[in-house]
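Visitor: Below you'll find the structure I mean.
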């Protein structure tokens, strides 16, 4: 299966990779003229043939492609926005990678009340690194384009700004209904579905955060009796949503 890379755009018959991506393709993958790769600008995918490899000792490297033929591509029928509380960065970044593979559309980091304050303070400095993780994971998963990531916000603000048609907040509180009960009325098919999934910090949501979620139309749900780590909850709940809403 051919690898896919993201380009800024297509000319009428050509496209180019520049910078770090060109360096990786040229030096690590040893790209040569004549090789074929898939190229996406976030809207369309083309099969491209390498015409020229220019690896610079100083300045920007560049690889030029001739466009061969369009490649069929579509957006997933289920689009998921992930409202994810900040946790230790190695685990948070693992969540970014796997959520991208599972088709997340946007990630909204949450500065929850029980999140570690040093993590919240340092989060903005990780933005460039997180965008790179999302891009590389999206290329590996052969997506049409990478998901976006916002600056960290409070859960209350994120809940209030959400406009997804399906909204759920994972909860460890006793008496929270199962995710199956809450999603039972959501029929798959009938066009693209947009869902918002909120996952709290390891210390759990505060009562005021749950109240804010419910006021914004989020259904409080449980994934079962076992307490899951954040990364496990991301994988399980995203897979459930994709299945329940049509994929």
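Visitor: Looking for something surrounded by fewer than 16 Cβ atoms within 10 Å (Cβ to Cβ) and in contact with a strand residue (DSSP E or B) (Cβ under 7 Å, 6 or more places away or on another chain) - is there at least one such residue anywhere in the range 72-94?
Guide: Checking the range 72-94: not a single residue is surrounded by fewer than 16 Cβ atoms within 10 Å (Cβ to Cβ) and in contact with a strand residue (DSSP E or B) (Cβ under 7 Å, 6 or more places away or on another chain).
Visitor: Among the numbered criteria (1) surrounded by 13 or more Cβ atoms within 10 Å (Cβ to Cβ); (2) without any contact (Cβ under 8 Å) to a residue 24 or more places away in the chain; (3) assigned by TED's automatic domain parsing to the domain that holds residue 239, which single criterion is violated by residue 117?
Guide: Result: residue 117 passes all but (1).
Visitor: On to the next question. Looking at 99, 73 in this structure, which one is touching a helix residue (DSSP H, G or I) at 6+ places or on another chain (Cβ under 7 Å), within 24 Å of residue 245 (Cα to Cα) and not in a strand (DSSP E or B)? Quick ask: steps written out before the conclusion?
Guide: Details: 73 fails: touching a helix residue (DSSP H, G or I) at 6+ places or on another chain (Cβ under 7 Å).
Answer to the selection: 99.
Visitor: Please find, within the range 218-247, the residue that is farthest from the chain's Cα centre (by Cα) out of those that are more than 21 Å from residue 115 (Cβ to Cβ) and surrounded by fewer than 15 Cβ atoms within 10 Å (Cβ to Cβ).
Guide: Of everything passing the filter in the range 218-247, 225 is farthest from the chain's Cα centre (by Cα).
Visitor: Oh, and also: Tell me yes or no: at least one residue of the range 37-45 is in contact with a strand residue (DSSP E or B) (Cβ under 8 Å, 6 or more places away or on another chain), surrounded by fewer than 17 Cβ atoms within 10 Å (Cβ to Cβ), in the same structural domain as residue 8 (by TED's automatic domain parsing) and in a strand (DSSP E or B).
Guide: At the first step, the residues of the range 37-45 found to be in contact with a strand residue (DSSP E or B) (Cβ under 8 Å, 6 or more places away or on another chain) are 37-42, 44-45.
Narrowing further to those that are surrounded by fewer than 17 Cβ atoms within 10 Å (Cβ to Cβ): 41-42, 44.
Next, from what is left, pick out any that are in the same structural domain as residue 8 (by TED's automatic domain parsing): 41-42, 44.
Next, from what is left, pick out any that are in a strand (DSSP E or B): none.
There is no residue in the range 37-45 that is in contact with a strand residue (DSSP E or B) (Cβ under 8 Å, 6 or more places away or on another chain), surrounded by fewer than 17 Cβ atoms within 10 Å (Cβ to Cβ), in the same structural domain as residue 8 (by TED's automatic domain parsing) and in a strand (DSSP E or B).
Visitor: Now for a different question. Report, ordered by the first and then the second residue, all pairs with beta carbons closer than 6 Å, sequence separation of six or more or different chains, a first member in the range 8-34 that is under 14 Å from residue 65 (Cβ atoms), and a second member that is assigned to a helix (DSSP H, G or I).
Guide: 31/25
Visitor: Further question: Among 48, 9, 59, 26, which is under 19 Å from residue 138 (Cα atoms), at pLDDT below 95 and not assigned by TED's automatic domain parsing to the domain that holds residue 132?
Guide: Details: 48 fails: at pLDDT below 95; 59 fails: under 19 Å from residue 138 (Cα atoms); 26 fails: under 19 Å from residue 138 (Cα atoms).
Only one candidate qualifies: 9.
Visitor: Shifting gears a bit: How many residues does the range 122-172 hold that are under 16 Å from the mean Cα position of the chain (by Cα), at pLDDT below 95, under 21 Å from residue 233 (Cα atoms) and surrounded by fewer than 18 Cβ atoms within 10 Å (Cβ to Cβ)?
Guide: Total satisfying the criteria: 1.
Visitor: On to the next question. Return yes when residue 31 is touching a helix residue (DSSP H, G or I) at 6+ places or on another chain (Cβ under 9 Å) and either part of a loop (DSSP other than H, G, I, E, B) or not assigned by TED's automatic domain parsing to the domain that holds residue 101 (or both) and no when it is not. Lay out the reasoning, then the answer.
Guide: Values: touching a helix residue (DSSP H, G or I) at 6+ places or on another chain (Cβ under 9 Å): yes; either part of a loop (DSSP other than H, G, I, E, B) or not assigned by TED's automatic domain parsing to the domain that holds residue 101 (or both): yes.
The answer is yes for residue 31.
Each row is one residue, and each column tells you yes or no for (1) closer than 30 Å to residue 169 by Cβ; (2) part of a loop (DSSP other than H, G, I, E, B).
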residue: 5; (1), (2): no, no
residue: 26; (1), (2): no, no
residue: 49; (1), (2): no, no
residue: 60; (1), (2): no, yes
residue: 81; (1), (2): yes, no
residue: 91; (1), (2): yes, no
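The values are calculated or read from the model by the stated rules, or taken from the named source; none is laboratory data. This one's a predicted model, so the numbers in the text were calculated from it and none came from an experiment. Heads up, the Cβs are rebuilt from the backbone with ideal geometry, glycines too, and the neighbour counts pull from every protein chain shown.
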